[in-house]
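To keep things clear, I will list the structure first and then write my remarks on it.
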Amino acid sequence: AKRRGRGQVVRFTPGMREADRQRAQLESDLQSAVERDEFRLHFQPIVNPETLSIFGYEALLRWTHPMRGPVSPAEFIPLAEASGAIGPIGEWVLKDACLKASAWPSDLYVAVNVSALQLRSARFPALVARILAETGLPPQRLTIELTETAIVANHDEVAAILNAVRALGVRVAMDDFGTGFSSLSHLRRLPVDVIKIDRSFVTSAEIDRNSMAVLKGIAQMGRDMEIAIVGEGVETPAQRDILRRIGCDGAQGYLFGKPTPFVLPTTPMLARAV
Ligand code: C2E
Ligand code: CA
Ligand code: CA
Ligand code: CA
């Protein structure tokens, strides 16, 4: 490698500024991305780990930036939250997901990710009610997924909004369960219908006895609390077997199907099995 000496310092600073500039540019581009029709939803199946029959699909947002091409939601969702653009973006997601799902077979549900910032607007339950009415999707076919790490402080406020949403007949799922600092206290205080176990537990259960014990514990807790359990990030048949053995209600992951722009009539795995 070349020794750069002082040059490195000089180069490093403009590089930092460039990263900041790009971030600011992305943030500003996000403001107009809905109007410019740059978003699309992809859908990933959630299946019964025993029979592989499909319960529904999770809607996952995709942004194709006019200059940069595809940008990951892991990158742009936090930017959209910081700038406030998450409001109109989240509304577009909910609307498009309900619209698409209203054309699916009537036994399939759609799960939509909702940012805590979006949820904590007092108008959120009314927004959900309006979109369900406009798209004609029965409330029972919509699940709202909430990331627990994003649920900060005010439990009472969040619980009131979740109760209003559930009163419509919509289900609430706690996403990425186990990754936050206070999963169990959230669970005790928030009304949820579904727990989605974070991929990290599913991935390590094969090789790590402690992860396996945690998975078993969550599954048992779900049964006792009458909360459905869905395991995320299933990539191998062995991981599927583990979820099946502990009595998981649902499973999701590349093994059953990757997120795609359209909905398949069956999972690729089931197509192979039958
Ligand atoms: P998430 O809600 O936990 O979604 C699951 C993520 O895991 C998705 O990444 C999905 O593509 C990926 N995944 C699914 N199966 C597998 C697997 O078997 N192996 C591996 N390695 N990954 C798998 P994606 O689509 O990049 O989304 C990342 C995160 O961005 C989501 O995590 C969610 O928190 C957020 N997000 C996505 N769409 C939306 C949205 O419409 N609104 C909001 N607020 N957040 C969203
Ligand atoms: Ca999710
Ligand atoms: Ca998740
Ligand atoms: Ca996640």
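Can you compute the charge dipole magnitude of the range 117-184 about its Cα centre, using +1 on each Lys and Arg Cβ and -1 on each Asp and Glu Cβ, nothing else charged? Give it in debye, rounded to the nearest 20.
Details: 6 positive and 7 negative charges, 62 e Å.
Using only the charged Cβ atoms, the result is roughly 300 debye.
With a probe of 1.4 Å, find how much accessible area the range 53-203 has per residue, and write the answer as a whole number in Å². Provide the component values of the computation, followed by the final result.
Details: 6470 Å² over 151 residues.
In whole numbers, the range 53-203 has 43 Å² accessible per residue.
Quick one: length gained pulling residue 238 to residue 254 fully straight, 0.36 nm per residue minus the C-alpha distance?
Values: separation 16, 0.36 × 16 = 5.76 nm, distance 1.33 nm.
Net length gain for the segment: 4.4 nm.
Report, by chain and number, residues whose modeled amide H sits under 5 Å from the one on residue 195, excluding near sequence neighbours (fewer than 5 apart, same chain).
Long-range HN contacts for residue 195: 174, 228, 229, 230.
With springs only between Cα atoms under 10 Å apart, run a GNM on the chain and tell me which of 131, 195, 207 wobbles the most.
Greatest mean-square fluctuation among the candidates belongs to 207.
About its Cα centre, what dipole magnitude does the range 133-260 give when the only charges are +1 on Lys and Arg Cβ and -1 on Asp and Glu Cβ, stated in debye to the nearest 20? It would help to have the intermediate numbers written out before the result.
Values: 14 positive and 17 negative charges, 69 e Å.
Magnitude of the dipole: close to 340 debye.
Looking only at GluC sites (Glu not before Pro) in DSSP loops with at most 10 other Cβ atoms within 10 Å, what is the longest site-free stretch of the chain?
On the way: sites that count: 35, 226.
It works out to 36-225.
By its C-alpha gyration tensor, with a ≥ b ≥ c as the square roots of the eigenvalues, how is the range 135-209 shaped: rounded for a/c under 1.5, else prolate for a/b larger than b/c, else oblate?
Working: a/c = 3.05, a/b = 1.50, b/c = 2.04.
The shape class here is oblate.
In deg cm²/dmol, rounded to 500, what helix-only [θ] at 222 nm does the chain give when every DSSP H run of at least 4 residues adds -39500 (n - 2.57) and the total is split over its residues? Numbers along the way, then the final one.
Working: 11 runs with 130 residues, N = 274.
That comes out to -14500 deg cm²/dmol.
Running a GNM on the chain with Cα contacts under 10 Å, which residue among 68, 166, 240 ends up with the highest mean-square fluctuation?
68
If exposed chymotrypsin sites (Phe, Trp or Tyr not before Pro) are those in a DSSP loop with at most 15 other Cβ within 10 Å, what is the longest stretch of the chain that has none? Walk me through the numbers on the way to the answer.
On the way: sites that count: 181, 254, 262.
The longest uninterrupted stretch comes out as 1-180.
In debye, nearest 20: dipole of the chain around its Cα centre with unit charges on the Cβ of K, R (+) and D, E (-)?
Dipole about the Cα centre, nearest 20: 920 debye.
For q values of 0.23, 0.26, 0.34 Å⁻¹, compute log₁₀ I(q)/I(0) with the Debye formula on a Cα-only model of the range 98-139, without solvent.
-0.82, -0.95, -1.17
Have a look at 85, 74, 24 and tell me which one the Gaussian network model of the chain (Cα, springs below 10 Å) gives the largest fluctuation.
74
The values are calculated or read from the model by the stated rules, or taken from the named source; none is laboratory data. Source: prediction; values computed, not measured. Cβ atoms come from the backbone with ideal geometry, glycine included; neighbour counts cover every protein chain shown. Areas reflect the complete protein model, heavy atoms only, side chains present, ligands, DNA and RNA absent. Shrake-Rupley method; radii C 1.70, N 1.55, O 1.52, S 1.80 Å.
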